[in-house]
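See below for the structure under consideration.
The values are calculated or read from the model by the stated rules, or taken from the named source; none is laboratory data. Because the structure is predicted, anything quoted here is derived from the model rather than measured. For neighbour counting, all protein chains shown are included, and Cβ atoms are generated from backbone atoms with ideal geometry for every residue, glycine included.
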Amino acid sequence: MTNPLRDKFIILGVTGSIAAYKAVEVASKLTQSGALVDVILTEAACKFVSPLTFQSVTGRKASTEADLWGGEGHVVHVSLGHRADLVLVAPISANTLAKLAMGIADNLLSVTVLASSAPLIIAPAMDVDMYNQPITQQNVETLRKRGAIIVGPESGHLASGLVGPGRFSEPIDIVNQARYILSRGGKLAGHKVVITAGGTSEPIDPVRVITNRSSGKQGYALAQASLDLGGDVTLITTTNSLPEPAGATLIHVNTAHEMLEAVLKHSTDADLLIMAAAVADFRPFRTASEKIKKEAGVPTITLEKTEDILAEVARKREQFGFPRRVIGFAAESESLVENARRKIKQKRLDMIAANDISTSDSGFEVDTNRVTLLFPDGTLQELGLQSKFETARLILEKASSWFEQG
Ligand code: CTP
């Protein structure tokens, strides 16, 4: 399976908010991900953006008020509502929010939402004063309590010139939330997956660190691939510069020691640990409390070894049985298979993803990798040149089969 949006029927309700034009991007991104998007515009939405615009990006009919009373008559809302895997109302205006909270069904969109038992995501967008009204807040809470997922609104500059909450969330964040909701119930459902990402940094003084070139991209791709299979994902990360995978619990760390503590804490009940982070092997023996000044001459920095996180994990696992499965990474510039074979034994892993960093299209910072998977029985599988997401998907496909077998 490529992603949880593929071939899913999604109703995208668009209401009368200035952000209605941004819903076109939501429709487009969902369609590009393989979803079948049926757009329903309220009358007010049609004043901001035309049904034809949505039809052009989805390749499917966009329905308006006329369809409620048109040729197919009363069945439109029932058939759309029943077929839907997900209902998304983005943007949702204060008016439609109030209608849905009260169960009012007086137009094609509200009647369709009422006729559907699919999960509901709403993305409010309105002026700050309307959003802050106690009645609007109450309506949001009513819908949240009833199980709706609320995305946003963001704070920022609004069309009215005011600043505050009310901005429509980024289309990509809304799409990612839809992806998350539709992934629940996958092969990793009910399984906790802990993933580390990025490179640790070890402080020399308050301004300088020893770090490495890991971007965290492979770790984030692994988190997304695990989420796509329905896993409960904890992502222990050193980076702030990548988009957060929707649905993951993020733990931010900097040093190898912080990462060790976070990994041990969160993997006590984990089914799977994937150590994709590039952990420093050495750190300054002492961290200067003040900035080292150049007038004092060239400093000598004495290093000491950091803890080997996977070695600590192996010890705990022997004692307590968790994490149930462990995958390591090996970034190698030479003797890839030999080094990876040694590490899989030393670190007592269920799989190691050996990464060839000797070429420019694989390894740190780039979007692709050349990974060979090795297993304790000596077998190996070459994944070849792949995007980091495809590499992640293939790794998780293998790992999820372990849990299917029990
Ligand atoms: N790793 C770890 N703790 C460390 C260093 C590495 O848990 N202090 C993990 C990495 O996250 C990776 C695996 O061990 O999953 C292999 O990391 P790598 O750097 O390739 O191997 P090292 O054991 O550090 O050996 P070397 O750097 O000498 O190749």
Exercise. Among the residues of region 305-330 satisfying the criterion of being surrounded by fewer than 20 Cβ atoms within 10 Å (Cβ to Cβ) and assigned to a strand (DSSP E or B), which is farthest from the ligand (Cβ to nearest atom)?
Worked result: Arg325
For this session: Report, by residue number, each residue of region 348-393 that is over 30 Å from Gln319 (Cα atoms) and assigned to a helix (DSSP H, G or I).
Result: Lys388, Phe389, Glu390, Thr391, Arg393
Exercise. Among the residues of region 295-304 satisfying the criterion of being in a loop (DSSP other than H, G, I, E, B) and without any contact (Cβ under 8 Å) to a residue 60 or more places away in the chain, which is farthest from the ligand (Cβ to nearest atom)?
Worked result: Gly297
Exercise. Within region 266-288, which residues are without any contact (Cβ under 8 Å) to a residue 40 or more places away in the chain and either crowded, with 16+ Cβ neighbours inside 10 Å or away from the ligand (no atom under 15 Å from the Cβ) (or both)?
Worked result: Phe285, Arg286
Exercise. Within the bounds of region 101-124, is there any residue that is surrounded by fewer than 22 Cβ atoms within 10 Å (Cβ to Cβ) and on the phi > 0 side of the Ramachandran plot?
Worked result: yes
Problem set entry | Where Ile149 falls short, out of the listed (1) touching a Gly at 6+ places or on another chain (Cβ under 9 Å); (2) closer than 23 Å to Leu5 by Cα | (1)
Exercise. Which of the following residues is touching a Leu at 6+ places or on another chain (Cβ under 7 Å) and more than 16 Å from the ligand (Cβ to nearest atom): Tyr180, Tyr220?
Worked result: Tyr180
For this session: Need at least 1 residues that are closer than 30 Å to Tyr220 by Cβ and without any contact (Cβ under 8 Å) to a residue 40 or more places away in the chain per element, so show me which helices (runs of 4 or more DSSP H) inside region 106-200 make the cut, counting only ones lying wholly within it.
Result: 134-145
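Being away from the ligand (no atom under 16 Å from the Cβ), of a type in the set (A, V, I, L, M), under 25 Å from Leu260 (Cβ atoms) and not in a strand (DSSP E or B) is the requirement here; does Ile292 meet it?
In short, no.
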Problem set entry | Selection within region 189-206 - among the hydroxyl-bearing types (Ser, Thr, Tyr) and crowded, with 24+ Cβ neighbours inside 10 Å | Thr196, Thr200
For this session: Select from region 7-22 the residues that are touching a Lys or Arg at 6+ places or on another chain (Cβ under 7 Å) and part of a strand (DSSP E or B) and list them in ascending order.
Result: Phe9
For this session: Looking only at region 17-27, decide whether some residue is at pLDDT 95 or above, of a type in the set (D, E, K, R) and touching a strand residue (DSSP E or B) at 6+ places or on another chain (Cβ under 6 Å).
Result: no
Exercise. How about region 348-361: which of its residues are within 9 Å of the ligand (Cβ to nearest atom) and either farther than 19 Å from Gly199 by Cα or of a type in the set (Val, Ile, Thr) (or both)?
Worked result: Leu349, Ile352
Exercise. Say we look at region 207-265 and pick out the residues that are assigned to a loop (DSSP other than H, G, I, E, B) and among the hydrophobic types (A, V, I, L, M, F, W, C); which of these is surrounded by the most Cβ atoms within 10 Å (Cβ to Cβ)?
Worked result: Leu229
For this session: Quick one: count up the residues across region 71-106 that are over 24 Å from Asp129 (Cβ atoms) and at pLDDT 95 or above.
Result: 6
For this session: Working carefully through the options Leu5, Leu68, find the one that is at pLDDT below 95 and crowded, with 16+ Cβ neighbours inside 10 Å.
Result: Leu68
Seminar exercise, completed: Over region 244-265, the set of residues of a type outside the set (D, E, K, R) and more than 16 Å from the ligand (Cβ to nearest atom) is Pro245, Ala246, Gly247, Ala248, Thr249, Leu250, His252
Exercise. Can we say Glu304 is more than 28 Å from the chain's Cα centre (by Cα) and modelled with pLDDT under 95?
Worked result: no
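Looking at the structure I just gave you, is Ile135 within 24 Å of the chain's Cα centre (by Cα), surrounded by fewer than 20 Cβ atoms within 10 Å (Cβ to Cβ) and not polar (S, T, N, Q)?
On the way: within 24 Å of the chain's Cα centre (by Cα): no; surrounded by fewer than 20 Cβ atoms within 10 Å (Cβ to Cβ): yes; not polar (S, T, N, Q): yes.
No: the conditions fail for Ile135.
Just checking, which of Pro165, Pro153 is in contact with a Lys or Arg (Cβ under 6 Å, 6 or more places away or on another chain) and either more than 18 Å from Leu235 (Cβ to Cβ) or polar (S, T, N, Q) (or both)?
Pro153
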For this session: Being farther than 18 Å from Ser214 by Cβ and among the aliphatic types (A, V, I, L, M) is the filter; apply it to region 331-347 and report the residue that is farthest from the ligand (Cβ to nearest atom).
Result: Val337
